[in-house]
Each structure stands twice: as C-alpha cells, then as structure tokens.
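**Q** My questions will all concern the structure given below.
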Amino acid sequence: MGFEHTSVMPQEVHEHQNLKPGNIIVDCTLGGAGHALAAIKAILPGGTLIGIDQDLDAIKHAKKILHPFEKNAVLFHSNFSELPKILNSNGIKGVNSILLDLGFSLNQLKNGKRGFSFNKNEPLDMRMDIRNDLTAFEIINSFPESELVNIFFKFGEEKFSRRIAKRIVETRRHAPIHTSLELAQMITETIPAKNRFKSRIHPATRIFQALRIAVNRELERLEKFMKTVPSLLLKGGRLCVISFHSLEDRIVKQALRKFENGCTCPRELPICSCGFVPQMESVFRKPLVPTKEETALNPMARSAKLRVAQRV
C-alpha cells in the first residue's frame, strides 16, 4: 500500500514545535510520517518520539520510514485520545511537544478501500480503526431518519440534510445501500440542480464528512483530548494542532481560550477572585494558514489552520 509523504504546513509546524535535542515529543496522528521524520531528526541525540495512529497501515508505514531512528521512536496503534494512558503506562510525566494533525490521509482516499471516497465503488465502511464496531453501512441502513438528519446537519453542516435522509430511508426500504459510489450518486441526484452546479465541492462532500466523523467519533475524541492537554505538557512545552474544518477548529480554539483565560468572575470586578490560573498561552492570536504556493502543490491543504499554544 503506497503512502503519500506530503505533510501539511511542514515548515510552519517544524518552526513552532520549538524542538531541541533530548526532547520527548508526541506525533498523535502519524499518517504518512512526514512530520514525524522531520521532528525526530531535531531531537537527536537522546530524544524520544512517541507516535500514534489508529490506522494500522499508518503504523506499519511509519515503522519503515522511521527505521533508521528506531531506538528513538516508540509507536502505538491507538487513538490520540488515549495519550494520557500511553504516557502513564510508560512512566512519562510530561512531554515537550504534541502535534495533532487532524487531516484526512490521502492514502485512505486512494488505497483504503473503506468507502472514504465518493468517486470509488467501495464498501461503506469509513472506519479509521477496523477494530471499531460501527460502520457507515450500519448508520446509512439502520439509523432512524431523524438521527440521519442530525448527523448530516451537525457534523456536515449540510442544508439539505432532511431531503437526503428521507431519500436514503426510502431507498433502503427496497434494498440496502452497499457502496460509497451508490450513496454519492443518490446524494447528487437528491440535491437541487441549481445548488449542485453552483457549489465548488462535490455534492456528497459534506455527507461523507459527517459519516466519517460519526463513525470514528472524531469530535467527541478531540474534545476529550483537549481537556487533558495541559497535564500532558511540561512547562514551556508546545501543542500544535492542524485542523481542516470549522467544527474541529472551534473545539481547539475554545479549549485553548479556556486554558488561557478561564476566569469566571463578573466583568465588573476589578480583580480576579475565582482563583483561575492560566495553563496555556497561544503563540499567536489567529491561526496560521498554508501559503498560496503550498495549496497550489497540495490542494488538500487549502482549508488547513494551524494553532499553537505553550504550557505556562
């Protein structure tokens, strides 16, 4: 299985990770291992890279890429939300850097054969980790219409959620919907033509995003993880998060704001009396975005946002 090595915003991430020899660092989402390869070179000698990915294929690929540095790399087939357990079970009290790239792997689109692409005729699976029980097939073919509407609107921000959910329920009464292409064609037919032609993205994009988020509990796990971040970082340690849609970015932004300025006192009080102590400090107010040159070379980077915060 061939992996793409293209990392999103590689220079910006590397610069703001602020890595030094001997650091203990975490790449929470190895993917093609591009970020991990650049980072591990910066922490030698004596540093340790902890790499995590819920896709077993990504772990196998990372082992090959990081083989020259195998003494300094420890890889885990897990979800990043389990990082506190991983560090605790390995006796690590804190780390110097955490990278979380929430991007969708191009490898999973091209080679995953799990129905992530609306241009391919693949089984409706969409599990990043095939050990999980819930699949897109189960959601599409067994969830009540109201629940489908909720998933499509909440996770996909799809304004035709009701219309699409109704069409799915009507279709599955006659026969199950088995493949990604079958579902994508149905969605395309259901959205009004004038909206289809005006849109810059494929008509099925938002529904496929919503299904992927629901199957893999992406937002739930991100919220869980963000609550733990300050306790995982050493003083001066940095968190770098690359998000690709507004739902993810909002969770990251709100969590960092709470760590930075979570005072609950009424605004009219001259001094804080709630005892709030800042835990994180944003390195810059607005997120960094890719350069025009990068998006020209890698269109998948166009919606990326990088937020960086430091433990105080």
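For (1) among the basic types (Lys, Arg); (2) surrounded by 10 or more Cβ atoms within 10 Å (Cβ to Cβ); (3) over 22 Å from CYS240 (Cβ atoms), each residue gets a yes or a no:
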| site | (1), (2), (3) |
| --- | --- |
| GLU260 | no, yes, no |
| CYS265 | no, yes, yes |
| LEU269 | no, yes, yes |
| CYS274 | no, yes, yes |
| PRO278 | no, yes, no |
| PRO290 | no, yes, no |
| THR295 | no, yes, no |
| ARG302 | yes, yes, no |
| LEU306 | no, yes, no |
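**Q** If you don't mind, there's one more thing I want to ask. Which numbered condition in (1) over 22 Å from PRO10 (Cα atoms); (2) assigned to a strand (DSSP E or B) is the only one that GLY236 fails?
**A** (1)
**Q** Further question: If you check every pair at least six apart or on different chains, which have Cβ atoms under 6 Å apart with a residue in the stretch 29-41 that is surrounded by fewer than 23 Cβ atoms within 10 Å (Cβ to Cβ) first and a residue that is part of a helix (DSSP H, G or I) second?
**A** LEU37/ILE65; ALA38/HIS14
**Q** For PRO270, state whether it is part of a loop (DSSP other than H, G, I, E, B) and under 21 Å from the mean Cα position of the chain (by Cα).
**A** Judged against the criteria, PRO270 is not a match.
**Q** Give me a count of the residues in the stretch 50-65 that are without any contact (Cβ under 8 Å) to a residue 60 or more places away in the chain and either assigned by TED's automatic domain parsing to the domain that holds MET128 or buried (at least 21 other Cβ atoms within 10 Å of the Cβ) (or both).
**A** 6
**Q** Only one of ILE207, ILE177, ILE213 is touching a Leu at 6+ places or on another chain (Cβ under 8 Å), assigned to a loop (DSSP other than H, G, I, E, B), of a type in the set (A, V, I, L, M) and at negative phi; which?
**A** ILE177
**Q** Additional query: Could you check LEU124 against (1) more than 19 Å from the chain's Cα centre (by Cα); (2) free of Cβ contacts under 8 Å to residues at least 40 places away in the same chain; (3) more than 14 Å from ARG217 (Cα to Cα) and say which number it fails?
**A** Of (1) more than 19 Å from the chain's Cα centre (by Cα); (2) free of Cβ contacts under 8 Å to residues at least 40 places away in the same chain; (3) more than 14 Å from ARG217 (Cα to Cα), only one is false for LEU124: (2).
**Q** Any idea how many residues of the stretch 123-174 are assigned to a helix (DSSP H, G or I) and either of a type in the set (Phe, Trp, Tyr) or in contact with a strand residue (DSSP E or B) (Cβ under 6 Å, 6 or more places away or on another chain) (or both)?
**A** 4
**Q** Let me ask something else. Among the numbered criteria (1) surrounded by fewer than 14 Cβ atoms within 10 Å (Cβ to Cβ); (2) under 30 Å from SER142 (Cα atoms); (3) basic (Lys, Arg), which one does LYS286 miss?
**A** The one condition LYS286 does not meet is (2).
**Q** Is it fair to say ILE92 is in contact with a Cys (Cβ under 8 Å, 6 or more places away or on another chain), in contact (Cβ under 8 Å) with a residue 60 or more places away in the chain and in the same structural domain as ARG307 (by TED's automatic domain parsing)?
**A** Criteria not met by ILE92.
**Q** Applying the selection to the stretch 51-87, what residues are assigned to a helix (DSSP H, G or I), of a type in the set (Asp, Glu) and closer than 16 Å to ARG131 by Cβ?
**A** Matches in the stretch 51-87: ASP57, GLU82.
The values are calculated or read from the model by the stated rules, or taken from the named source; none is laboratory data. As the structure is a prediction and not an experimental result, all values here were calculated from the model. Note: ideal-geometry Cβ built from the backbone for every residue, glycine included; neighbour counts use all protein chains shown.
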